[in-house]
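Colleague: Before we start, here is the structure in question, set down as C-alpha cells.
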Amino acid sequence: MFSGIQPSGSMHLGNYLGAIKQWVQTQSPEAYYCIADLHALTLQIEPAALREQTTDYVTSLLAAGLDPEICTLFVQSQVPYHAQMSWLLECVATFGELSRMTQFKEKASRQHGYRVGLLTYPVLMASDILLYETEQVPVGEDQRQHLEMTRLVAERFNNRFGPTFTVPVGVHPPAGARVMDLQEPTRKMSKSLSTPLGSINILDEPSAIEKKIKKAVTDTDNEVRFDWEQKPGLSNLLEIYASFSGEKPDEVASRYSRYGDLKNDLASLVIESLAPIAARYRELRSDPSTLDAIAEQGAAKASAVAGPVYRRAAEAMGLF
Ligand code: AMP
Ligand code: TRP
C-alpha cells in the first residue's frame, strides 16, 4: 500500500476523510505513506513555509494515528529515488497524455508562466507509487485520473522493457471520497482554491468549525434528502456526517427534517472527532527532535525498498 499528501496549506476534512482515515485504518508493515514535498514545489511555495508545513504534516499524520512502528512514514525528498525514477518515466509518458490531465488544465489556466513541474506532476506521482511495488493506493476521487496515468505508464514500461513494475489500483472510501467546498459545493474542498469558510482544517478551533458548518451553503427548500444533483450543499454535509459516524448518508438524512438540526449535530460530531487529533498534535509538535528522528528512520526504511526497484528499472532501460 502506498499513498501521499502534499505539505501545502493546512490539512483539511477532505484530506482526512478522503485519504488519511483510510491510511490509519489499514496501516501495516506493508504500507508506505509519503509527504510529497517535491510535489508541493509546483505550488511555488515559499521555502520557509514549505519547511514549516512539512514538519506540520509529519506531526498531523502521527496525530491522526499513523504509527511509525507499524507503517513507514517519510518525506519524499529524503528518498532520492523518487526524483530519479521520475526522469526515467518522463521518457515513457507522452506530452499529450500529461497535457490532458484535468488537474493540470485547471491549475495551468490560473497561472501565467506555469512551470514544467505542473505538467510532469503525475509522472512524479507514478514514480512514488511504482517504487514500492504498490498494489493499492488509498486516495480521494480527485486522484483517479492520476492513478490511471500511473497504470498506463507502468504497463507501457513493462511491455517495452520487460516486467518491472506492479500495476496498482486506487482504493476510494465508501463515504467522504470527495468532500466538497462548504461555500461552493460543486467544487472539491481544496488547500489552494477554497476560501477559509469553505474548508474545515483538522486543527481548527471548535468555534471555527461550528461557524463554518452553520454558514455552509445549502438550498432553500428545507427538505433533508441525499441528492447530489439537486442538493449538493446538503448532500456534502450528509456525506461528511456519514463518514464520521460510519453510516450511509441516506440513513443520516432520514433522521432529520430541518437543516438547522442537522448542522448542529454535525458540528458537534466533527468537533468531537477532531479534538483528540488536535490535542495529540500539540503534544508532538513541541518535540521537533523526535519528529526529525521519525522522518529519518522512515526515509531509511523507504530507501531500502525503493533503491532496488529503481535499479531494476534503470537497468531495464539500458542505463549503465
Ligand atoms: P492533497 O492535499 O492534494 O495532497 O491530497 C491528499 C489526499 O487527500 C489525496 O488522497 C486526495 O485524494 C485527498 N483529497 C484532497 N482533497 C480532497 C477532497 N476534497 N475530498 C476527498 N479527498 C480529498
Ligand atoms: N498528488 C497527490 C494529491 O495531490 C499526492 C500524492 C503524491 C500521492 N504522491 C502520491 C497520492 C502517491 C498517492 C500516491 O493528492
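The values are calculated or read from the model by the stated rules, or taken from the named source; none is laboratory data. Every value quoted in this text rests on a predicted model; they were computed, and no experiment measured them. Don't worry about glycine lacking a Cβ; one is built from the backbone with ideal geometry, like all the others, and counts go over all protein chains shown. The protein model used for the area step is the full one, side chains on, heavy atoms only, and it has no ligands, DNA or RNA in it. Shrake-Rupley method; radii C 1.70, N 1.55, O 1.52, S 1.80 Å.
Colleague: I'd like to check something: does the range 39-46 contain any residue that is within 11 Å of ligand 2 (Cβ to nearest atom) and assigned to a strand (DSSP E or B)?
Modeller: Among the residues of the range 39-46, not one is within 11 Å of ligand 2 (Cβ to nearest atom) and assigned to a strand (DSSP E or B), which makes the answer no.
Colleague: What is the number of the single condition among (1) open to solvent by less than 50 Å² (accessible area, probe 1.4 Å); (2) within 26 Å of Ser10 (Cα to Cα) that Glu210 does not meet?
Modeller: (1)
Colleague: Can you work out which of the residues in the range 33-62 that are more than 15 Å from ligand 1 (Cβ to nearest atom) and of a type in the set (D, E, K, R) is nearest to Ala279 (Cα to Cα)?
Modeller: Per the criteria, the residue is Glu52.
Colleague: If you don't mind, there's one more thing I want to ask. Give Ala208, Ala108, Ala175 a once-over and let me know the one that is free of Cβ contacts under 8 Å to residues at least 12 places away in the same chain and within 21 Å of Ala64 (Cβ to Cβ). Steps first, please.
Modeller: Details: Ala108 fails: within 21 Å of Ala64 (Cβ to Cβ); Ala175 fails: free of Cβ contacts under 8 Å to residues at least 12 places away in the same chain.
Among Ala208, Ala108, Ala175, only Ala208 is free of Cβ contacts under 8 Å to residues at least 12 places away in the same chain and within 21 Å of Ala64 (Cβ to Cβ).
Colleague: I'm trying to understand the selection: among the residues of the range 78-95, which are open to solvent by less than 50 Å² (accessible area, probe 1.4 Å) and either part of a loop (DSSP other than H, G, I, E, B) or among the basic types (Lys, Arg) (or both)?
Modeller: Val79, Val92, Ala93
Colleague: Here's another thing I want to ask about it. Consider the range 118-165. How many of its residues are within 14 Å of ligand 2 (Cβ to nearest atom) and open to solvent by 30 Å² or more (accessible area, probe 1.4 Å)?
Modeller: Here the count works out to 9.
Colleague: Output yes when any residue across the range 106-114 is open to solvent by 10 Å² or more (accessible area, probe 1.4 Å) and modelled with pLDDT of 95 or more, and no when none is.
Modeller: no
Colleague: Follow-up. State which residue is nearest to Lys21 (Cα to Cα) when the search covers only the range 57-77 and only residues that are surrounded by 20 or more Cβ atoms within 10 Å (Cβ to Cβ) and of a type outside the set (A, V, I, L, M).
Modeller: That would be Ser60.
Colleague: With the structure loaded, tell me whether Arg144 is within 16 Å of ligand 1 (Cβ to nearest atom), basic (Lys, Arg) and either assigned to a helix (DSSP H, G or I) or at pLDDT 95 or above (or both) or whether it fails that test.
Modeller: Details: within 16 Å of ligand 1 (Cβ to nearest atom): yes; basic (Lys, Arg): yes; either assigned to a helix (DSSP H, G or I) or at pLDDT 95 or above (or both): yes.
Yes, satisfied.
Colleague: Tally up the residues in the range 17-27 that are at pLDDT below 95, closer than 19 Å to Ala275 by Cα and open to solvent by 10 Å² or more (accessible area, probe 1.4 Å), please.
Modeller: Number of matching residues: 4.
Colleague: Can you pull out the residues in the range 1-36 that are hydroxyl-bearing (Ser, Thr, Tyr) and part of a helix (DSSP H, G or I)?
Modeller: Tyr16, Thr26, listed by residue number.
Colleague: Exactly one condition in (1) open to solvent by 10 Å² or more (accessible area, probe 1.4 Å); (2) within 11 Å of ligand 1 (Cβ to nearest atom); (3) not β-branched (Val, Ile, Thr) is false for Glu30; which is it?
Modeller: (2)
Colleague: Something else: When the range 126-168 is examined, which residues are found to be of a type in the set (A, V, I, L, M), touching a residue at least 60 places away in the same chain (Cβ under 8 Å) and within 25 Å of Leu73 (Cβ to Cβ)?
Modeller: Ile129, Leu130, Leu131, Val137, Val139
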